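A.B. asks: Pasting a structure here, questions to come.
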Amino acid sequence: MTDIPHVVILGGGFGGLAAANELRNSMSSSQVKISVIDKKDWFMVGFAKLWIINGTRTFENSTGSLNELTKKEIKFIQDEISSIDLQNKKVKTLNQIIPYDFLIISMGAVLAPQIIPGLVENGFNLYDHNQLLEIRDKLESINSGKIAISIMGIPYKCPPAPFEASLLIDSMLRKRGIRDSVQIDFYSPAPITLPAAGPEVSKQILDLVNSEKIIFHNSCKIKSVKPKKLVFESGKEADFDLLLAVPPHIASTVIYDSGLAKESGFIPIDRDCKTSFENVFAVGDVTSLVVTENMAVPKAGVFAEGEGITVAKNIISQIQSKGNLVLFDGKGGCFIESGRDTASVIEVDMFSNPKPITHLTESTSDNLSKKLDFEKERMSNWL
């Protein structure tokens, strides 16, 4: 009897959980051992953060426990990954050394506000779950002035989210009856709202934010943040009273220390999600999957999930010596809430020929229900 192959998954986000569940649903614990390692013991669908900001949700009601994985005979290890030894097929954590036969890296992107001088001291990180309640308090207490929402690096996670944030904040201010006294400025380093979605959808999103009198400023690259002032690379400056930033995203140092990626860059993969190392795969926000010369697969949970399932199927095929290779299909959709109890879906097919197809659906209350269902399904299926 040969040893049972051990699949080690680094990260309990969309990609990691999709892969773990696909593996376990297809093979029993006597056929494959699965371990998921994450330094936090909870999973949350990213878009719930905006509901915590607008007060329709609490953090506790938006998370699922990764300890639930043990019920599916998936081992969960809450620990921090300190290094990946690709030569000897071992992962080192702060507390132990874990050997693997197959490795799936789904560690996500690291938020790096410290890259922008003055940001940590003078602004809030819109993507940091620890700052959501403070952001909410600020939005509840502001009565006039300027709110700046600024994307400070590309690529970043969940491309529509900052636009959604601007629309939900508009809605919060409207409910308080003070929207006319508060200006909302949106700054992006990109020339259009959503480069990954193409010019047509970008224009529709621009129309959507403009319709709520949110001012979109394109091609604004941030150099630094002073108290109540954004400083751009062009030398221009802009005032704010409250700054909500999407900070630059990088890969963790563990990734480039292991030789998987160049410094602070992401792991390059093709549609099979393999790295250049044997039986080592990477999925989700930690990767860069280039589609065309100036476009990569967006960093969004739905794509990480698709990649995780792809990898799991390929590992199963390898274990069972079947030799089929599945490629990631590049299809997915991201919701964008309007702040008026409706949502649209940006539907994407990244690998359609000759070029990616994106489409923005109508904004309906039905799509908002689908957004809630999307979260509920993953929570109940995965954990």
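The values are calculated or read from the model by the stated rules, or taken from the named source; none is laboratory data. Source: prediction; values computed, not measured. Backbone-built Cβ (ideal geometry, glycine too); neighbour counts: all protein chains shown.
Each row is one residue, and each column tells you yes or no for (1) of a type in the set (Val, Ile, Thr); (2) surrounded by 23 or more Cβ atoms within 10 Å (Cβ to Cβ); (3) in the same structural domain as Ile214 (by TED's automatic domain parsing).
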site: Gly153; (1), (2), (3): no, no, yes
site: Pro160; (1), (2), (3): no, yes, yes
site: Ala165; (1), (2), (3): no, yes, yes
site: Asp170; (1), (2), (3): no, no, yes
site: Val182; (1), (2), (3): yes, no, yes
site: Ile192; (1), (2), (3): yes, no, yes
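A.B. asks: Quick one: count up the residues across region 45-103 that are under 21 Å from the mean Cα position of the chain (by Cα), among the hydroxyl-bearing types (Ser, Thr, Tyr) and not in a loop (DSSP other than H, G, I, E, B).
C.D. replies: 3
A.B. asks: For Gly12, are the conditions met, namely being within 15 Å of the chain's Cα centre (by Cα), buried (at least 24 other Cβ atoms within 10 Å of the Cβ), small (Gly, Ala, Ser) and not in a loop (DSSP other than H, G, I, E, B)?
C.D. replies: For Gly12, the condition - within 15 Å of the chain's Cα centre (by Cα), buried (at least 24 other Cβ atoms within 10 Å of the Cβ), small (Gly, Ala, Ser) and not in a loop (DSSP other than H, G, I, E, B) - is not met.
A.B. asks: Let me ask another. Kindly indicate whether any position in region 351-374 is closer than 21 Å to Pro195 by Cβ, without any contact (Cβ under 8 Å) to a residue 24 or more places away in the chain and in contact with a Cys (Cβ under 9 Å, 6 or more places away or on another chain).
C.D. replies: In the first step, residues of region 351-374 are kept if they are closer than 21 Å to Pro195 by Cβ; the result is 351-361.
Narrowing further to those that are without any contact (Cβ under 8 Å) to a residue 24 or more places away in the chain: 352-354, 357, 361.
If we keep only those that are in contact with a Cys (Cβ under 9 Å, 6 or more places away or on another chain) too, we end up with none.
Among the residues of region 351-374, not one is closer than 21 Å to Pro195 by Cβ, without any contact (Cβ under 8 Å) to a residue 24 or more places away in the chain and in contact with a Cys (Cβ under 9 Å, 6 or more places away or on another chain), which makes the answer no.
A.B. asks: Moving on to the next point. Give the residue that is surrounded by the fewest Cβ atoms within 10 Å (Cβ to Cβ), with candidates limited to residues of region 224-233 that are in contact (Cβ under 8 Å) with a residue 60 or more places away in the chain and within 26 Å of the chain's Cα centre (by Cα).
C.D. replies: Once the filter is applied, the top-ranked residue is Ser224.
A.B. asks: Let me ask another. Restricting to region 30-44, and then to whatever is in a strand (DSSP E or B) and without any contact (Cβ under 8 Å) to a residue 60 or more places away in the chain, can you tell me which residue is nearest to Asp341 (Cα to Cα)?
C.D. replies: Trp42
A.B. asks: Somewhere in region 22-38, is a residue crowded, with 22+ Cβ neighbours inside 10 Å, touching an Asp or Glu at 6+ places or on another chain (Cβ under 7 Å) and either within 25 Å of Lys371 (Cβ to Cβ) or among the acidic types (Asp, Glu) (or both)?
C.D. replies: no
A.B. asks: Which ones in region 262-320 are in contact with a Lys or Arg (Cβ under 6 Å, 6 or more places away or on another chain) and of a type in the set (Lys, Arg)?
C.D. replies: Lys299
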